[in-house]
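The values are calculated or read from the model by the stated rules, or taken from the named source; none is laboratory data. In this text the structure is predicted, and so the values were computed from the model without any measurement. A quick note on method: Cβ atoms are made from the backbone with ideal geometry, for glycine too, and the neighbour counts reach across all protein chains shown. With ligands, DNA and RNA removed, areas are computed over all heavy atoms of the protein, side chains included. Shrake-Rupley method; radii C 1.70, N 1.55, O 1.52, S 1.80 Å.
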Amino acid sequence: MRVWALPLALLALAVCVTCSVATRHQTEAPIVPYKAAVVDPAVLAKRLVSMQYGSGWPRSRKFDCAKLKCVALTFDDGPGEYTGRLLDMLRKRDVKATFFVIGQMVAADKGGRLVRRIVEDGHELGNHSWSHPALAGLSHDDVQRQLRHTNDLVFKLTGVRMHLMRPPYGSTNAAVAAEARSEGLAEILWSVDTLDWLHRVPAAVARRAGEAKSGSIVLMHDIHRTTVEAVPAIIDLLDRKGFTFVTVSELYGKTPSPGRTYTER
């Protein structure tokens, strides 16, 4: 019997006698201890499978971005009301991306439905803090809470340990980098800013994303409808230019090193 068969068998037995579970979510702005969601048996099963393969990225897809023309599309500030539509688009085109999620947005999403789907669809997750403050202006303890709360909640919902973080506003310094290192997180910035938060015009967002070069990390936000509307044109434009779409970790061929700052390959 394979080593993971017994725990999965025991889990299957537990499912048979499990009744409905209740979840509670925190939506208030202040950082306070949240009521951790009780994970249903199906999610626990996926967690066990995830642990068999380890928590690192990349998992099944292998790309040599030293030879290929790779680009990493990244989306900040979600999951939000347009994230599901974005995931539909990416799945249809078999494009993988990286989502830097905000803890409060994850907590507000009923049952962690969207963050679990991000993982199930093969995308990469990154930490974008709990409530989107400028981390460089916070105390050590506050930075730690911002990162750790989000890490813990995502793990409870998905079984995935995040290895990436993006400081809100790009606000970082030596102290933030040191705390990221202690939490096992690499700092991921960007090389192409679409300014989608400022210019809410899909064509303009697509045009700026189209400026990507081999090894670029493209910054977007899935909380904006106009950004999501721009995604098909972005994929078409970059595809015509011969780009391969990868997650951030796939861009580097391995999980980026904790505490280091990356802007492009």
Query raised in the report: Can you list the lysines whose alpha carbon is less than 23 Å from that of LYS213, not counting same-chain residues fewer than 8 positions off?
Result: LYS62, LYS67, LYS69, LYS96, LYS241, LYS254
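What are the semi-axes of the equivalent ellipsoid of the stretch 169-265, taken as the square roots of 5 times the eigenvalues of the Cα gyration tensor, listed largest first and rounded to whole Å? Let's see the in-between values first.
Working: eigenvalues 141, 55, 19 Å².
For the stretch 169-265, the semi-axes come out at 27, 17, 10 Å.
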Query - Inter-part distance where the stretch 212-262 and the stretch 115-168 are each reduced to a Cα centre, Å - result: 19
**Report entry** Distance cut-off 17 Å, percentage of C-alpha pairs in the stretch 99-140 lying past it
**Finding:** 37
**Report entry** Convex hull per residue volume in Å³, alpha carbons only, for the stretch 110-254
**Finding:** 123
Query raised in the report: Near the amide H of ASP76, under 5 Å away, which other amide H atoms are found, from residues 5 or more places off or on another chain, if H is placed in the peptide plane?
Result: PHE100, MET220, HIS221, ASP222
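Please give the per residue accessible area of the stretch 123-199, computed with a probe of 1.4 Å over protein heavy atoms only, in Å². All intermediate terms of the calculation are to be shown ahead of the outcome.
Working: 2710 Å² over 77 residues.
Per-residue value: 35 Å².
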Requested in this report: Run through all the Cα pairs of the stretch 53-159 and give the fraction in each 10 Å bin from 0, expressed as whole percent.
Outcome: 13, 43, 31, 12, 0
Query raised in the report: Quick one: which of 196-206, 73-83, 175-185 comes out on top by average Cβ neighbours within 10 Å, and what's the full order, highest first?
Result: 73-83, 175-185, 196-206
